[in-house]
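Below is one structure, written out as structure tokens; the observations come after it.
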Amino acid sequence: MDQPETFAFDEANRKTAEAIIARYPDGRQQSAVLPLLDLAQRQAGGWLPRAAVAAVADMLDMAVIRVWEVATFYTMFDLAPVGRTCVNVCTTTPCWLRGSNDIVAALEQELGVALGETSDDGAVTLREVECLGACVNAPLVQIGDDYYEDLTPASAVALVKAIRAGEAPKPGPQARRRSSEPASGAKTLKGEG
Ligand code: FES
């Protein structure tokens, strides 16, 4: 894998990084490591080159190994190039009980890849992640900053097809319910009486 030799925040991101660092009290600037890594990953095209990790370490006056420890711990950081879109399927117990295995199987078939792989056209990387903290709308996938919830194998495939076609599907529940109300409709707080 080709690693760029250098990385520097562009002007806009450098200002954003400085604003993030300034949120923290004196002596606690290293607390900005997570948002700065996220900013670097977004600028670098969805993954974190070694040079970007080193640049963040330099900006926060941290040892590079300390920043690596963070970058390698969290699944939201990719240390190698990924597809243009990452589809993160939650397979933890509540999502599993609601059919996440069937969603994984349907997406693997649709994309012609296994978990952790990228489709031939470079459009989609399919990944498995732990609980995304939205179990009430299980099963779900995370794509970028959005959640697509209440999925079935068919709606998950439709979602991925739309993304590959360059569309921007609406995030949130993909079944007919608002937010997290009961699937059979609201039962309480229905009126003013
Ligand atoms: S188990 Fe999937 S969101 Fe919690």
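Tabulated data
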{"quantity": "Counting DSSP beta bridges with both ends in the chain, the antiparallel % (nearest 5)", "calculated": "45 percent"}
{"quantity": "Crossing angle, helix 64-73 versus the chain [Cα axis fit, 0-90 degrees, rounded to tens]", "calculated": "10 degrees"}
{"quantity": "Cβ-defined net charge surrounding residue 54, 12 Å radius [Lys, Arg +1; Asp, Glu -1]", "calculated": "0"}
{"quantity": "From phi via Karplus (6.51, -1.76, 1.60), per-residue ³J(HN,Hα) for segment 20-34 in Hz, x at Gly/Pro", "calculated": "5, 4, 5, 6, 9, x, 3, x, 10, 4, 5, 4, 7, 4, 5"}
{"quantity": "Spherically averaged projected area of segment 85-173 from its Cα convex hull (nm²)", "calculated": "4.8 nm²"}
{"quantity": "Value at 222 nm in deg cm²/dmol, rounded to 500, when DSSP H runs of n ≥ 4 in the chain each add -39,500 (n - 2.57)", "calculated": "-11000 deg cm²/dmol"}
{"quantity": "Loop-resident sites, segment 92-193, for GluC sites (Glu not before Pro), counting at most 12 other Cβ within 10 Å (DSSP)", "calculated": "130, 167, 192"}
{"quantity": "Debye-sum result for segment 42-105 in log10 I(q)/I(0), which assumes one identical scatterer on each alpha carbon, at q = 0.20, 0.24 Å⁻¹", "calculated": "-0.81, -0.97"}
{"quantity": "Where labels lie 7 Å past Cα in the beta-carbon direction, separation of residue 145 and residue 51 in nm", "calculated": "2.7 nm"}
{"quantity": "3J(HN,Hα) from dihedral phi, segment 51-62, Karplus parametrisation 6.51/-1.76/1.60, rounded to Hz, x for glycine, proline", "calculated": "5, 6, 4, 5, 5, 5, 4, 5, 5, 9, 6, 10"}
{"quantity": "Eligible lysines near residue 190 by straight Cα distance, threshold 29 Å, same-chain separation 8 or greater", "calculated": "170"}
{"quantity": "C-alpha long axis of helix 100-111 to longest principal axis of the chain, angle in °", "calculated": "70 degrees"}
{"quantity": "Alpha-carbon centroid distance for the pair segment 93-166 / segment 48-90, whole angstrom", "calculated": "23 Å"}
{"quantity": "Estimated distance in nm for a label pair at residue 175 and residue 73, the labels positioned 7 Å out from Cα along Cα-to-Cβ", "calculated": "3.6 nm"}
{"quantity": "FRET efficiency, 1/(1 + (r/R0)^6) with R0 45 Å, evaluated for residue 30 and residue 161 via beta carbons", "calculated": "0.55"}
{"quantity": "Principal axes of the chain: Cα extent on each, largest first, Å", "calculated": "55, 51, 29"}
{"quantity": "Overall Cα dimensions of segment 11-73 - principal axes, largest extent first, Å", "calculated": "29, 26, 17"}
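Bear in mind these aren't lab numbers, they're just calculated from the coordinates by the rules spelled out. No experiment lies behind these values; they were computed from the predicted model shown. When we count neighbours, we look across all protein chains shown, and the Cβ atoms used for this are built from the backbone with ideal geometry, even at glycine.
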